[in-house]
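The values are calculated or read from the model by the stated rules, or taken from the named source; none is laboratory data. Remember, predicted model here, so these are calculated numbers, not experimental data. No Cβ is skipped: glycine too gets one built from the backbone with ideal geometry, and neighbour counts run over all protein chains shown. Heavy atoms of the whole protein, side chains included, go into the accessibility calculation; ligands, DNA and RNA do not. Shrake-Rupley method; radii C 1.70, N 1.55, O 1.52, S 1.80 Å.
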Amino acid sequence: MSDIMNLIDFYVENDIVQKEVVGTKKVEKNDGEKAITEDEPVYESTYPITAIGLGCIDEQVAELCYRQFVVSSFTDQGPNAARYEAAKSAFGGILGLTSEKMEEIGSNIGSMVYDNYITQSMSTKGALDQQDMMFLANIQSKLGISSEQGEKMMLDTQKKIISEEASALFDSGEISPESIKEFREKCNSMGLDLETDVGLTKSRLVSMFSMEITPGIDSGEITMDSADLLAEIQESLGLTEEEGEEVIAGLIQERAKGILSDIVGCMLRGMDAFAVESMEKLVQYAAFTDGDLGLEVEEANANRAYNLFESKDWSGVDEEKVEEQKRLIRAAFGMSD
């Protein structure tokens, strides 16, 4: 680093660096009476004598030299750190690299630094906080990375980490409705689309939706009045309203077939009370589809089951609710009103 700084000082002190006008920019000034706008020239430093131009090194070696200088200036915490950082573009120019190539090298280094830092931070905290953002902004400044590039690198790293988390989650064999909800909400908080950013397939998203809502539907926590909750989950997974409705309908019809088998089996064994309990569960599912559960029920079984349901103890139940439940059970059994 000392030899490089001596070279830069020699180059600057002997006025080898040339300034060329490459354009103009608008500058607002105040002449004491009013604000005026003037055009001022924009200068760019040019290097007529370069290492590549003299044939001392080829472009590949020049890039390696510049990369090493940038890494050293970035990691140096001593009194020369600021001096090294300010000299990056001068050294790149002396080597014969273009500003675009220097920016590309800085971005590549920044990408690795971003990747390592964000990965470590998210593994311990789960998400980036204000302190992390300040650190990344400092890296961005030190490496000469534009705010757009910095934002893209941060997003790319987050996508990679979340994609790896998704693979680990689904390959673990220990996936649960709770873990799905936690993962979904984490992606939403980071502004990541589960399909385009994380790389989950549509079928995987449909499966996640089904797995997350199933316990709530089975327990009765999710009902027809839970439309907002269902819509929130469906939208956060990137599913359309039609796809969500199809999942719910398929889930309910599958459950309804199993319940119907329980009802018939209980009646055959004379376990009428258990048959009624199953019909109460069936009504809960029927409410989602206005009674259309796609069931095929023999007329004799339907009549017997309905009679049991109709004659159960309705004490304390609102009359309107009683009639609605009876209507749904008739519709589920395919009985005419």
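Some points to look at:
- Matching residues, the stretch 63-112, being open to solvent by less than 30 Å² (accessible area, probe 1.4 Å), of a type in the set (A, V, I, L, M), over 19 Å from I49 (Cβ atoms) and touching a residue at least 12 places away in the same chain (Cβ under 8 Å): V70, I105, I109
- Some residue of the stretch 194-209 being open to solvent by 50 Å² or more (accessible area, probe 1.4 Å), under 27 Å from R255 (Cα atoms) and at pLDDT below 85: no
- Only one entry of L251, L239, L230, L293 meets the criterion of being within 24 Å of L200 (Cβ to Cβ) and not in a helix (DSSP H, G or I), and that entry is L239.
- Screening I8, I52, I36, I57 for residues that are closer than 21 Å to Y84 by Cα, out of contact with any Pro (no Cβ under 6 Å at 6 or more places or on another chain) and among the β-branched types (V, I, T) leaves exactly one candidate, I8.
- Test: residue in the stretch 139-146 that is aliphatic (A, V, I, L, M), open to solvent by less than 30 Å² (accessible area, probe 1.4 Å) and at pLDDT 80 or above: no
- Applying the criterion of at least 1 residues that are more than 18 Å from N6 (Cβ to Cβ) to the helices (runs of 4 or more DSSP H) found wholly in the stretch 81-133 leaves 99-125.
- Taken together, the criteria place I161 among residues that are part of a helix (DSSP H, G or I), farther than 30 Å from I217 by Cα, in contact (Cβ under 8 Å) with a residue 12 or more places away in the chain and aliphatic (A, V, I, L, M).
- Condition check for E33: open to solvent by 50 Å² or more (accessible area, probe 1.4 Å) and modelled with pLDDT of 80 or more: no
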